[in-house]
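Participant: First, the structure itself, so that you have it in front of you.
The values are calculated or read from the model by the stated rules, or taken from the named source; none is laboratory data. The shown structure was predicted, so the numbers you read here are calculated from the model rather than taken from an experiment. Glycine gets a Cβ as well: all are built from the backbone with ideal geometry, and neighbour counts include every protein chain shown. Heavy atoms of the whole protein, side chains included, go into the accessibility calculation; ligands, DNA and RNA do not. Shrake-Rupley method; radii C 1.70, N 1.55, O 1.52, S 1.80 Å.
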Amino acid sequence: MKYGIYVFPLSTFLSPSQNANDLNQKWLTELKSSPVVKSCNTLHKTTHANPIHEPELTQLLSSIDTVATKLLKLPPRNHSLHAQFGISYESDSKDHNQKLELHMDDSTYTINICLENTAISNELVFSVGKKYETPVHIASGFVCVHKGTIPHYVNPIRQGTRTNIVIWMK
């Protein structure tokens, strides 16, 4: 894509012995059972800390980094984990996030893994020009990779839930 926004099935980045649905469910269960922490940034109300653990994290990041470096036309080097957190958007909860204001990430590129999406609306919207916006619906089990410097926001959720793992790479 011209602007550096790509969506892939999670299975694209897994070894043949890994089952994307099982891994997705495992991460969702771990995230939902982990304590909610004060947000790691000023935009989210709450986040979950470090939802993916070793050795899965290193294997996943290595696989994604190879693809992201080529597609995003980044200098060839091994990018490293800068931050990782889980985020939930829920329509019927004042304690959870319902939208996300326009911002850029503190990353060279961002990996956004959708674990669960029953949401109506709540798309990730990229502002790629003065008057041009690109809404991206990320389905459960899919990964969005984009440059951290692309301004983006999340539409307000009208109904349902969306749970993601966000990883910032530098």
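Participant: Of all residues in the range 64-100, which are polar (S, T, N, Q) and part of a loop (DSSP other than H, G, I, E, B)?
Facilitator: Looking only at the range 64-100, we keep the residues that are polar (S, T, N, Q), and these are 66, 69, 78, 80, 84, 88, 91, 93, 97-98.
Across the range 64-100, the qualifying residues are ASN78, SER80, SER91, SER93, GLN98.
Participant: Also, quick follow-up: Report, by residue number, each residue of the range 4-28 that is open to solvent by 80 Å² or more (accessible area, probe 1.4 Å) and touching a Ser or Thr at 6+ places or on another chain (Cβ under 7 Å).
Facilitator: none
Participant: How many of the residues making up the range 101-110 are of a type in the set (S, T, N, Q) and in a loop (DSSP other than H, G, I, E, B)?
Facilitator: 2
Participant: Can you go through ILE120, ILE113 and tell me which one is within 23 Å of ASN24 (Cβ to Cβ) and either more than 13 Å from the chain's Cα centre (by Cα) or among the charged types (D, E, K, R) (or both)? Give the derivation first.
Facilitator: Working: ILE113 fails: either more than 13 Å from the chain's Cα centre (by Cα) or among the charged types (D, E, K, R) (or both).
Of the residues listed, the single one that is within 23 Å of ASN24 (Cβ to Cβ) and either more than 13 Å from the chain's Cα centre (by Cα) or among the charged types (D, E, K, R) (or both) is ILE120.
Participant: Restricting attention to the range 31-42, which residues are in contact with a Pro (Cβ under 7 Å, 6 or more places away or on another chain), surrounded by fewer than 17 Cβ atoms within 10 Å (Cβ to Cβ) and either assigned to a helix (DSSP H, G or I) or at pLDDT 90 or above (or both)?
Facilitator: The initial filter retains those residues of the range 31-42 that are in contact with a Pro (Cβ under 7 Å, 6 or more places away or on another chain), namely 31, 34.
Going one step further and asking which of them are surrounded by fewer than 17 Cβ atoms within 10 Å (Cβ to Cβ), we end up with 34.
Scanning the range 31-42 gives no hits.
Participant: Does GLY86 count as buried (at least 21 other Cβ atoms within 10 Å of the Cβ) and at pLDDT below 90?
Facilitator: For GLY86, the condition - buried (at least 21 other Cβ atoms within 10 Å of the Cβ) and at pLDDT below 90 - is met.
Participant: Continuing with the same structure: Which of the residues belonging to the range 111-170 are part of a loop (DSSP other than H, G, I, E, B) and open to solvent by less than 10 Å² (accessible area, probe 1.4 Å)?
Facilitator: ASN122, ILE138, GLY148
Participant: Moving to a separate point now. Just to check your reading of the model, which residue among LYS99, LYS45, LYS73 is open to solvent by 60 Å² or more (accessible area, probe 1.4 Å), at pLDDT 85 or above and either hydrophobic (A, V, I, L, M, F, W, C) or under 25 Å from THR149 (Cβ atoms) (or both)?
Facilitator: That would be LYS73, the only listed residue that is open to solvent by 60 Å² or more (accessible area, probe 1.4 Å), at pLDDT 85 or above and either hydrophobic (A, V, I, L, M, F, W, C) or under 25 Å from THR149 (Cβ atoms) (or both).
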